Amino acid sequence: MEPTADWTECRVALPALQNWLVLDLGAENPEVWARALAAEHLENGARGEWREAFVADLLWYWGVARRQGALCAALLAPADGAVMASYTVRELNVPTASLSMAALRAEAARAEGPFFAEQDLDEVDLPLGPALRIHRLEPTAPESDSGSILEGVAHYVLPSRYSTVLECRLLWSTLGFGEELEKVADELAESLRLT
């Protein structure tokens, strides 16, 4: 996606102690890219079906990030493990009249859900500008009796120098890591820079 403001690149500092896999959103052949990344990430002795499942996961997340017009995206996958969380940053197409914290808060309050708990809405100051921080728990398949719970933290940032809104979103389905991953989401939002 081409940025709409006077900047050309979005950068996020991934926490060093975690095993992050950066999605190459410009890959001309995503399958070749996914297979190379899987070979690098998984042990040589990994079973073929496990390797194929991991490649399929990489391609699914890559496709979602591309369809959403993500500026950058990464996956948290412990060494030789499955994908634990996904992170994307994308620019939202918001009318100029809606470029305010009050408008973002009103939009978030209108979100229909269903949510498993009250969504937490907080205004925070980030180096890039003010942001609305939203923490939610929601079903992956709200219309069905099956599916799982998805937890996430999104920061909707109003960059001080640019007339736009950036969505920085960390999502995970591994419950029990919520407190730790919330901190990671905050670290990632703090590190966001436009150049």
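Given the conditions (1) surrounded by 14 or more Cβ atoms within 10 Å (Cβ to Cβ); (2) at pLDDT 95 or above, which single one is not true for residue 31?
(1)
Could you list, ordered by first residue, the pairs with Cβ atoms under 7 Å in which the first is in the range 1-17 and within 16 Å of residue 164 (Cβ to Cβ) and the second is exposed (fewer than 13 other Cβ atoms within 10 Å of the Cβ) and at pLDDT 80 or above, at least 6 apart or interchain?
Listed by first residue and then by second, the contacts come to 5/163; 7/195; 8/195; 9/195; 11/195.
Restricting attention to the range 126-141, does a residue exist that is at pLDDT below 90 and in contact with a Ser or Thr (Cβ under 6 Å, 6 or more places away or on another chain)? Outline the logic, then answer.
Narrowing the range 126-141 to residues at pLDDT below 90: 135-141.
Of the ones still in play, those that are also in contact with a Ser or Thr (Cβ under 6 Å, 6 or more places away or on another chain) are 140.
For the range 126-141, residues at pLDDT below 90 and in contact with a Ser or Thr (Cβ under 6 Å, 6 or more places away or on another chain): present.
The values are calculated or read from the model by the stated rules, or taken from the named source; none is laboratory data. Keep in mind it's a predicted model, so treat the numbers as computed, not measured. Note that we place each Cβ from the backbone using ideal geometry, even for glycine, and neighbour counts take in every protein chain shown.
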